[in-house]
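What follows is a short report on a single structure.
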Amino acid sequence: MKMNLSKKLAISVLLLSLGLSQVACQSQSSKDDMFNQVGQSQEADKENRQNLKALEDLVGIKDIESIKITLDDWIGGHDSKKNDILVLERTLDIKSKSQVLAFADIFMGVGKKDLKGDEIYKEALSQKEDIVNRLKLSPEKAMIDSYIKDIKENKHGYYKNTTIKGNVEPKSSISFKSKSGDQVDFVLENALGRDLLLVNKKGSIYKLRYEDLDYIIYTMMDSHDKGPLSKDLDKYVKDKGDYIKYRISHVDVKLPNKLEEPTYGDRFNLYLAYVNDLLKNTDFKDGLAPYRGQDLSFERYRLNKESQKRPKAEESYLVAVFSGDKLVGAYKDFYGNTNSFDGKTLEDLLKIEYKDWVKTKMVHDKEAAELDKLGDKGIIRKFVELQNARDKRQEGLRLPDYRDGYSKLFKSKHDVEDGYIENIISAKLLSIKPDERKFEVGLNTIDKAYMVEVDYKFKEVIVIENGVDEKSYEMINLGPGLGYRIYQMGY
């Protein structure tokens, strides 16, 4: 069979075009699958795709599948003539579809400008050069060893998720990897603690604010791809004049049989009780009560109007509660501060003080009866005794806060386990004196207040504010069978 060159060329071009078309369809299908998994509203689709494309264009690869952030920070380095620097490393792996989308939204949503030649980059390089020069000096081994000892003993707090790298040059980076295996690495330079600068191989420089990075890390904590957005939730939010950008997390919870809190409980039941009453007084009259003892799903979502305020501290999330596919309720939450969709607290809705609500949710157990017998001063004595024994039940003597139960449901960037209890070697009560000042805090009027002097011995130094060595213990009476609780302790 004979075929001239022009026909061969035409067929080859046709086959090549079909092949490219097939690849393009597969790529588009892959992206559609991605957006179907992240729980976005249709109104958010265009903006989410634009932010993702903008990130791909900035990085220079398509179909970003994973992002790895490596952050090297250091402690020490206060004396320019000494090498007492200890480098610590934190890593964050972004692998789920919703996490990649959230990164693109937060990082690209405010726009990006090349800062090549900007003074801030020159400052960052100067600081880096200073650190590198110090590392060439003989290490202050005793000082560095003391840093390592402190970090290893500090089981909680900022250093909880860090790796000790040692007396070495800090090297931070962000690596982007595509579905096909292509990888692009950016160097991260620390701009005098204010910002991070992403520098690619071409020398282009983009600013990543610590505030944005902090928010990215928070939203990455437990992001979860769970499929399309619920139609009922979509409609509910749109009826309120907003729409959902994407899902942040999904948690399955077995509701307790009773929505009430024991004296020494972890406040999770109290959080659920607050949510239950909030829903009953908004658009979800049944609340959570019909589902006691059953499995429910709690999902957090990012709202469009809230994301436009980014990254202001008051940003809240939408939390939706489901029984299977049924929408049980929806409310806003800012790290445990729970509100109705229009921003009202339960206290606003019920026109009641929090202390009057919380006492209706506390179990009248034998522990509560024992505390009731102690009276106001007895509670303070008991509190100091438990501090002396490093007994965590001391938290049960404080006014129960429903927000403490939030972290049992969702992770929070504000969750730092209290190391104060373990830091106490001993606590001895010296005096309790009436404080005649009148206290009013929000809706809560303090019933009693005392100036309390305690002799503490600590493992690590505690800084006393304003040099005052007495604490004011402000007390609230929850009523018969429950007794007094410490509302707050201030200087």
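Structure summary
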quantity: Those lysines that a straight Cα-Cα span of less than 16 Å connects to K179, excepting residues fewer than 8 apart in one chain; calculated: K31, K53, K62, K68, K95, K97
quantity: Nearby aspartates and glutamates by direct alpha-carbon distance to K177 (threshold 17 angstrom, same-chain neighbours under 8 apart not counted); calculated: E56, D57, D63, E65, D93, D185
quantity: Cβ-Cβ FRET estimate between D348 and S323, R0 fixed at 25 Å, reported to 0.05; calculated: 0.40
quantity: Cα→Cβ-extended label distance, 7 Å offset, between K128 and K254, nm; calculated: 5.2 nm
quantity: The stretch 231-352: equivalent-ellipsoid semi-axes (sqrt of 5 x gyration tensor eigenvalues, Cα, Å); calculated: 23, 17, 14
quantity: Sorted peptide list for 232-238, 242-248, criterion being average Cβ within 10 angstrom, highest first; calculated: 242-248, 232-238
quantity: Alpha-carbon radius of gyration plus Dmax, which is the widest Cα pair, for the stretch 42-92 in Å; calculated: 19.1, 58
quantity: Cα shape, the stretch 345-414, gyration tensor, a/c 1.5 rule; calculated: oblate
quantity: Eligible lysines near K240 by straight Cα distance, threshold 18 Å, same-chain separation 8 or greater; calculated: K231, K280, K285, K305, K309, K332, K344
quantity: E370/E470 FRET efficiency (R0 41 Å; Cβ-Cβ; nearest 0.05); calculated: 0.90
quantity: Square roots of five times the Cα gyration tensor eigenvalues for the stretch 80-128, Å; calculated: 30, 21, 6
quantity: In nm, spacing of pseudo-spin labels at K53 and D286 (7 Å Cα→C-beta vector); calculated: 4.3 nm
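Values in this text are rule-based calculations from the coordinates and carry no lab data. Keep in mind that what you see is a predicted model, and the values were worked out from it rather than measured. Backbone-built Cβ (ideal geometry, glycine too); neighbour counts: all protein chains shown.
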